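Novice: Let me give you the structure first, and then I'll get to my questions.
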Amino acid sequence: MVKKLFLHLIMALALVFSVAAIGNVNIQETNVALSGNPGAINSTELVTVANTGSSDLTGIAMSATDLTSGSDTIPASALMLNPATFDLTAGASSPSAIILTIPSGQKAGTYIGLINATLNSTNNDAATVTLTVNEVPSYAASADTPSIVQSASGQITVSVTNTGNADMNSLSYTVTSPFTSGTNNLAVSGSTTGNLVVAHGSGNTFAISFSPSAVQPTGTYTGQVDLSYDGVDQSITLNVVVTAPIYSVSLPAIQHAESERDVNVSTDATITNNGDLVITGITLSSTGADTVVTGAVPGTLIPGGQFMVTVHTMVPLNADSGVDTVGTLVFTSNEVNASSDIMTDAESMLEFDTVKVSIDDSSWDTMDDGSTADDDARPGDTFAIEVKVENLFDDDYDEGEMNDIEINVIFFGAGEDGDNIEGDLDIDLDAGDKSDLEEIDFDDDNIDWDSDSGKLTVELVAEAEDENGASHRAFFNFSINVDRENKADFIFMRFDSPSQVECGRSFRIYIDGRSIGEKTDDEVVLKVESSQFGISIREEFEMGAYDDDADCDAMDRDDDDCVEFNYHLDVDVPADMAPGNYPIIAKLFRDDGNSQTDEADIEVTVTCSGTISSSTSSTSSSTSSQSSSSQASGTSSQSSTSTSTPSTVDVVMSGTASQLESSRSGSRVVATGPARVTDTTSDSGAFKDSGAYLAVLSLLSILVIVGIVVTLVYALSKPKI
């Protein structure tokens with residue numbers, strides 16, 4: 001028992017000594033007072049931390065809380081302690097420097113927070129921090145420069161912005177008076193002194209009033225205002241302009257909505273005094289027997305004042321369609337007069353029913369107003385436009401007939417040197433009728449080689465008068481996209497020949513082309529092919545860009561500045577060629593035949609009737625004819641009349657050929673067959689005298705002999721029975 005009591009006593013003493021050995025964190029100051037201006041750094045204050053216990057302390061951390069003053073706050077990061085962490089032996093103490101940075105522009109006031117010294121959650125201490133942010137007054141002032149009319153009143157507005165860190169409760173100001181302009185004076189009509197309250201971070205204004213008389217000299221008058229708050233003084237210069245009065249009234253033009261004729265239309269109008277002074281003795285009237293003005297008209301109107309009236313107009317039977325002036329609205333007063341037009345908008349009884357366009361003889365495209373044609377055009381392409389118009393009057397209206405309807409069309413920028421291409425059409429229409437679909441007659445129906453690239457507008461205007469003398473107009477427009485390559489591009493201008501030729505005769509093919517691209521090419525290729533006629537031609541040459549000016553034939557020059565070429569070749573038709581329709585195809589290429597740019601074809605009809613047609617198979621203006629004579633001599637001559645026919649006579653070369661041969665500029669293509677002399681006469685016995693006839697007889701003889709030999713061999717080799 002005694003032993004157990006002794007053990008308890010030993011444990012109690014150990015507990016007492018262990019408690020006595022615990023260290024204790026203690027901040028010696030209970031309150032730390034700080035002060036400073038916004039933006040200032042204060043590092044002169046210290047706080048002392050002591051270890052009041054009997055045990056050493058390791059890792060004491062110093063920190064601060066946010067400082068607050070009402071709704072204003074200084075963040076804890078503005079207050080730093082150095083050192084921020086340290087150790088203390090039992091009974092020791094250490095100072096920690098307070099480094100305070102007051103944020104710039106911080107509002108003046110008393111801010112309170114805490115400084116903490118912390119070892120752990122149960123061993124720490126805190127001291128109160130009281131920070132006084134000093135007031136630093138600052139403000140900015142400015143003023144407008146008003147214009148004040150003689151005999152009127154006005155004021156200068158002075159604006160003050162508080163740029164300091166505290167409310168300004170009593171900013172005082174003093175205005176010099178009078179203002180001066182040379183030797184002339186202008187007195188301030190109101191108070192010249194006063195006080196202004198401007199809240200922190202805000203602004204406020206005050207006014208300086210003037211009332212120049214009717215005889216006050218005009219000009220710019222200058223004065224000054226002096227401002228003061230808490231020792232901060234400023235002076236700013238003030239200006240006010242005195243002007244002579246301006247009398248002005250806003251009287252709008254009357255534009256009635258679109259309507260029929262012989263009906264009454266109405267439009268409201270608002271009249272405003274946009275001058276400087278009151279307008280007196282006001283009257284409002286209209287000219288024209290078909291217009292009446294209703295509504296109250298005041299006798300006087302202050303600046304900025306306004307009133308509204310209604311203008312009623314009977315649209316005349318002979319009013320032209322569209323906007324037409326039919327009268328005048330007249331405003332009079334003692335100070336100012338004004339007038340404006342009264343206009344009707346009579347509807348047109350003429351309209352475009354259908355507009356169609358065809359590009360390069362392609363299918364017809366029906367257009368909508370404002371649309372773009374489906375088919376793109378290239379420079380040099382043909383175009384055609386068809387229109388149908390309608391008379392919208394009822395068919396029983398006696399005065400609705402429209403005679404001599406003029407339809408004018410302008411294709412903008414599609415002509416030579418960017419000029420317009422124009423066309424027209426004249427028709428008559430009874431009331432309620434539609435015209436037939438008719439084609440416009442143009443001066444030139446080809447888009448020019450040098451025309452602009454891009455969307456070009458086509459504008460159509462139809463105009464006519466009815467029996468009342470009223471003019472009716474209809475408008476329609478659409479676009480055609482002209483596509484010009486930004487690289488080399490070539491097209492055929494002409495590809496034709498006689499459409500019909502007789503067996504045993506010859507004909508000439510004409511091929512002309514042009515550059516329409518923006519780049520040159522020294523590897524242009526022309527190919528002409530017809531398996532039936534045995535034609536296989538390949539010509540290589542150079543071509544310039546579309547805007548080169550060289551007047552030359554690319555076939556005749558080894559140069560890349562020619563923009564056109566002219567080519568022709570002669571073809572002999574074998575006397576034994578079967579009658580029929582035979583195609584010939586021409587193709588143009590750039591890049592040495594790698595990229596095709598255009599293709600054209602013609603069809604030649606071969607007959608053996610002895611009759612030759614001189615018609616051509618294209619829309620070219622050229623004509624071509626061939627003739628031959630002198631069967632006995634075995635020679636053939638050919639003549640043709642064309643805009644590009646060469647002056648030399650081409651001679652047919654006879655003989656056997658394994659393929660068709662051609663020569664530059666005036667080629668003669670000879671059909672495959674035995675050697676012969678081309679005979680272009682129509683004598684039915686000529687063939688029996690020709691080499692071809694002898695060759696056929698020889699071939700038949702050989703076939704008979706071969707047949708006899710085969711029969712004998714078969715008979716001799718047959719087994720005997």
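The values are calculated or read from the model by the stated rules, or taken from the named source; none is laboratory data. Everything quoted here is computed from the prediction, not taken from an experiment. Note that each Cβ is placed from the backbone with ideal geometry, even for glycine, and that neighbours are counted across all protein chains shown. Calculation scope for accessible area: heavy atoms of the full protein, side chains included, ligands and nucleic acids excluded. Shrake-Rupley method; radii C 1.70, N 1.55, O 1.52, S 1.80 Å.
Here is a yes/no grid of residues against (1) buried (at least 17 other Cβ atoms within 10 Å of the Cβ); (2) not β-branched (Val, Ile, Thr):
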{"position": "Gly305", "(1), (2)": "no, yes"}
{"position": "Val315", "(1), (2)": "yes, no"}
{"position": "Ala319", "(1), (2)": "yes, yes"}
{"position": "Thr328", "(1), (2)": "no, no"}
{"position": "Phe331", "(1), (2)": "yes, yes"}
{"position": "Lys356", "(1), (2)": "yes, yes"}
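Novice: Return yes when Lys455 is assigned to a loop (DSSP other than H, G, I, E, B), open to solvent by 60 Å² or more (accessible area, probe 1.4 Å), in contact (Cβ under 8 Å) with a residue 24 or more places away in the chain and in contact with a strand residue (DSSP E or B) (Cβ under 9 Å, 6 or more places away or on another chain) and no when it is not.
Specialist: Numbers: assigned to a loop (DSSP other than H, G, I, E, B): no; open to solvent by 60 Å² or more (accessible area, probe 1.4 Å): yes; in contact (Cβ under 8 Å) with a residue 24 or more places away in the chain: yes; in contact with a strand residue (DSSP E or B) (Cβ under 9 Å, 6 or more places away or on another chain): yes.
Answer is no for this residue.
Novice: Among the numbered conditions (1) open to solvent by 70 Å² or more (accessible area, probe 1.4 Å); (2) assigned to a loop (DSSP other than H, G, I, E, B), tell me where Pro95 comes up short.
Specialist: The failed condition is (2).
Novice: Now for a different question. Confirm whether Lys487 is surrounded by fewer than 16 Cβ atoms within 10 Å (Cβ to Cβ) and closer than 28 Å to Glu529 by Cα.
Specialist: Details: surrounded by fewer than 16 Cβ atoms within 10 Å (Cβ to Cβ): yes; closer than 28 Å to Glu529 by Cα: yes.
Yes; evaluated as a whole, the condition is true for this residue.
Novice: If you check every pair at least six apart or on different chains, which have Cβ atoms under 9 Å apart with a residue in segment 185-203 that is over 30 Å from Gln150 (Cα atoms) first and a residue that is of a type in the set (A, V, I, L, M, F, W, C) and part of a loop (DSSP other than H, G, I, E, B) second?
Specialist: Taking only residues 6 or more apart or on different chains, the pairs are His200/Ala108; His200/Ala166.
Novice: Any residue at all in segment 520-537 that is among the polar types (S, T, N, Q), touching a residue at least 12 places away in the same chain (Cβ under 8 Å) and more than 23 Å from Ser595 (Cα to Cα)?
Specialist: Residues of segment 520-537 among the polar types (S, T, N, Q): 520, 530-532, 536.
If we keep only those that are touching a residue at least 12 places away in the same chain (Cβ under 8 Å) as well, we get 520, 530, 532, 536.
Checking the rest, the ones that are also more than 23 Å from Ser595 (Cα to Cα) come to 532.
Taking every residue of segment 520-537 in turn, at least one turns out to be among the polar types (S, T, N, Q), touching a residue at least 12 places away in the same chain (Cβ under 8 Å) and more than 23 Å from Ser595 (Cα to Cα).
Novice: Moving to a separate point now. Among (1) among the polar types (S, T, N, Q); (2) over 18 Å from Ser69 (Cβ atoms); (3) modelled with pLDDT of 95 or more, there is one condition Thr110 misses while meeting the rest; what is its number?
Specialist: Thr110 satisfies all of (1) among the polar types (S, T, N, Q); (2) over 18 Å from Ser69 (Cβ atoms); (3) modelled with pLDDT of 95 or more except (2).
Novice: Filter segment 361-409 down to the residues that are among the aromatic types (Phe, Trp, Tyr) and either over 16 Å from Leu456 (Cβ atoms) or surrounded by fewer than 18 Cβ atoms within 10 Å (Cβ to Cβ) (or both) and list them by number. Quick ask: steps written out before the conclusion?
Specialist: As a first pass, look at segment 361-409 and keep what is among the aromatic types (Phe, Trp, Tyr): 364, 383, 393, 397.
Answer for segment 361-409, where residues must be among the aromatic types (Phe, Trp, Tyr) and either over 16 Å from Leu456 (Cβ atoms) or surrounded by fewer than 18 Cβ atoms within 10 Å (Cβ to Cβ) (or both): Trp364, Phe393, Tyr397.
Novice: Quick one: is Val311 touching a Leu at 6+ places or on another chain (Cβ under 8 Å) and either closer than 30 Å to Ala470 by Cβ or in contact (Cβ under 8 Å) with a residue 60 or more places away in the chain (or both)? Full working, then the answer.
Specialist: Details: touching a Leu at 6+ places or on another chain (Cβ under 8 Å): yes; either closer than 30 Å to Ala470 by Cβ or in contact (Cβ under 8 Å) with a residue 60 or more places away in the chain (or both): yes.
Yes; evaluated as a whole, the condition is true for this residue.
Novice: Any residue at all in segment 147-162 that is surrounded by fewer than 16 Cβ atoms within 10 Å (Cβ to Cβ), on the phi < 0 side of the Ramachandran plot and free of Cβ contacts under 8 Å to residues at least 40 places away in the same chain?
Specialist: no
Results for (1) assigned to a loop (DSSP other than H, G, I, E, B); (2) within 39 Å of the chain's Cα centre (by Cα), shown as yes or no for each residue.
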| site | (1), (2) |
| --- | --- |
| Gly400 | yes, no |
| Ile407 | no, yes |
| Ile410 | no, yes |
| Gly413 | yes, yes |
| Glu422 | no, yes |
| Asp426 | no, yes |
| Gly432 | yes, no |
| Asp436 | yes, yes |
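Novice: Within segment 64-74, take every residue that is free of Cβ contacts under 8 Å to residues at least 40 places away in the same chain and closer than 12 Å to Leu131 by Cβ and give me the one that is least open to solvent (accessible area, probe 1.4 Å).
Specialist: So the first thing to find is which residues in segment 64-74 are free of Cβ contacts under 8 Å to residues at least 40 places away in the same chain, and the list is 70-73.
Filter again for closer than 12 Å to Leu131 by Cβ, leaving 72-73.
Details: Asp72: 47, Thr73: 67 Å².
Filtering first and then ranking leaves Asp72.
Novice: Then there is this: Give segment 136-161 a look and list any residue that's more than 24 Å from Gln234 (Cα to Cα) and among the aliphatic types (A, V, I, L, M), or say none.
Specialist: Pass one, segment 136-161, residues more than 24 Å from Gln234 (Cα to Cα): 147-154.
Ile148, Val149, Ala152, listed by residue number.
Novice: Does Asp547 count as surrounded by fewer than 22 Cβ atoms within 10 Å (Cβ to Cβ) and farther than 30 Å from Ala384 by Cβ?
Specialist: Spelling it out, it is not the case that Asp547 is surrounded by fewer than 22 Cβ atoms within 10 Å (Cβ to Cβ) and farther than 30 Å from Ala384 by Cβ.
Novice: Residue check, Asp374 against (1) assigned to a loop (DSSP other than H, G, I, E, B); (2) in contact (Cβ under 8 Å) with a residue 12 or more places away in the chain, all met but one. Which one?
Specialist: (2)
Yes or no, residue by residue, for (1) in contact with a Gly (Cβ under 8 Å, 6 or more places away or on another chain); (2) surrounded by 19 or more Cβ atoms within 10 Å (Cβ to Cβ):
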position	(1), (2)
Val501	no, yes
Ser506	no, yes
Ile509	no, yes
Arg557	no, no
Asp570	yes, yes
Val573	yes, yes
Gly580	no, no
Asp592	no, no
Ser595	no, no
